[in-house]
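Here is the structure we will look at, set down as structure tokens.
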Amino acid sequence: MSSLSVNHLLGIKQLSKSDIELILSTAKNFKEVLNRPIKKVPSLRDITVANLFFENSTRTRLSFELAQKRLSADVVNFSASNSSVKKGETLVDTVNNILAMKVDILVMRHASPGAAIFLSRKVNAKIINAGDGAHEHPTQALLDAFSIQEKLGTLKGKKVVIVGDILHSRVALSNIFCLQKLGAEVKVCGPQTLIPKYISALGVAVEPDLRKALEWCDVANMLRIQLERQDIKYFPSLREYTMMYGLNKELLDSLSKKIIVMHPGPINRGVEITSDVADSKQSIILEQVENGVAVRMAVMFLLAGRQN
């Protein structure tokens, strides 16, 4: 298959296994481009991409922008904090005004789950979901899968544990969908209050003991505690959380095998992961960031080539 089965990237849930494999193989080619002395290709020349971020973002926004510039696209950046949204303009009106300027692809982050799906039904442009509330973050899951595949050769039969705030994490849900479609086995680990009730319906087991989870897995994806999404207290204190679910070098070194450590960022050093683990040889956190640009280049390139 040489083209995607979808017109938008709204979530991993909407992608087939062959869609994911096509994105990952295309990203591999773009990663080679990024390691050349001249890192630019004309693949999206004459294509205009608008980045609409209604929520704060550093890495995802920069990664998308860099990917767009590496593909020679024209780029428009939109930040909700200093826009007419503050004056009461609706999402559809805001976007239609931007599209009237002849934009081809919209990359959107929004606090409301389903915002990208809603928008895809209202406007005439390719939509890429850069995170919608605590729902999905598809490009993060794709770059995580790409990074594991690069390290281990395949995801089929591999064991991945996602540790931390599963309840508020869009990264967790997208990762579960993506890893399972590629044949990996997934478990989650964290305080019971931060594990969503629907998790078993996704075919994911819960392991409450961090050491047992780490002994079981090939890859540990350590998530940040999303305090900004928590309206009540889900655990007594950060110190207690760290004692129970934080990964330090002593624990990592005491395991019976070498595992890969990942983190979608931003890292709260000393909470879910210590600095000596984040900077260790078993960590692929910086590779994830590098791979993010190649994966986002692949997504935009493949969507731009799709005829509706």
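Tabulated data
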{"quantity": "All-pairs alpha carbon distance profile, region 1-119, 5 Å steps from 0, percent", "calculated": "2, 9, 17, 20, 22, 16, 9, 4, 1, 0"}
{"quantity": "With Cα atoms, 0 to 90° folded angle of helix 138-152 axis to the chain main axis", "calculated": "50 degrees"}
{"quantity": "Spatially proximal aspartates and glutamates relative to Lys212 (Cα-Cα < 17 Å; intrachain offsets below 8 disregarded)", "calculated": "Glu185, Glu250, Asp253, Glu272"}
{"quantity": "Quotient of Cα Rg and 2.2 N^0.38 Å for region 138-288, N being how many residues it contains", "calculated": "0.95"}
{"quantity": "Ascending count of other beta-carbon atoms within 10 Å, so fewest first, for Ile105, Ile23, Ile117", "calculated": "Ile117, Ile105, Ile23"}
{"quantity": "Relative contact order of the chain, pairs being alpha-carbon contacts under 8 Å that are 6 or more residues apart, as %", "calculated": "21 percent"}
{"quantity": "Among beta bridges that DSSP assigns inside the chain, antiparallel share in %, nearest 5", "calculated": "5 percent"}
{"quantity": "Helix 59-70 axis, angle to the chain major axis (alpha carbon atoms, nearest 10°)", "calculated": "40 degrees"}
{"quantity": "Local electrostatic count at Leu66 - Lys and Arg +1, Asp and Glu -1, tallied over other residues with Cβ under 10 Å", "calculated": "+4"}
{"quantity": "Sequence-separation-based contact order of region 138-288, relative, with Cα cut under 8 Å and 6+ spacing, percent", "calculated": "24 percent"}
{"quantity": "Relative exposure of Leu143, Leu44, judged by other C-beta atoms within 10 Å (fewest first)", "calculated": "Leu44, Leu143"}
{"quantity": "Pairs from Lys17/Lys187; Lys40/Lys187; Lys39/Lys151; Lys13/Lys122; Lys151/Lys187 whose Cα-Cα separation, in the structure shown, is over 28 Å", "calculated": "Lys40/Lys187"}
{"quantity": "In degrees, nearest ten, helix 170-181 long axis to first principal axis of the chain (Cα)", "calculated": "90 degrees"}
{"quantity": "Rounded Å value of the spacing that divides the Cα centres of region 85-147 and region 1-49", "calculated": "18 Å"}
{"quantity": "Once exposed loop trypsin sites (Lys or Arg not before Pro) are cut out (DSSP; at most 14 other Cβ, 10 Å), longest piece of the chain", "calculated": "157-232"}
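Any read-out appearing in this document is the output of simple, stated calculations on the displayed coordinates, not a laboratory observation. Values in this document were obtained by computation on a predicted structure and should not be read as measured data. Glycine gets a Cβ as well: all are built from the backbone with ideal geometry, and neighbour counts include every protein chain shown.
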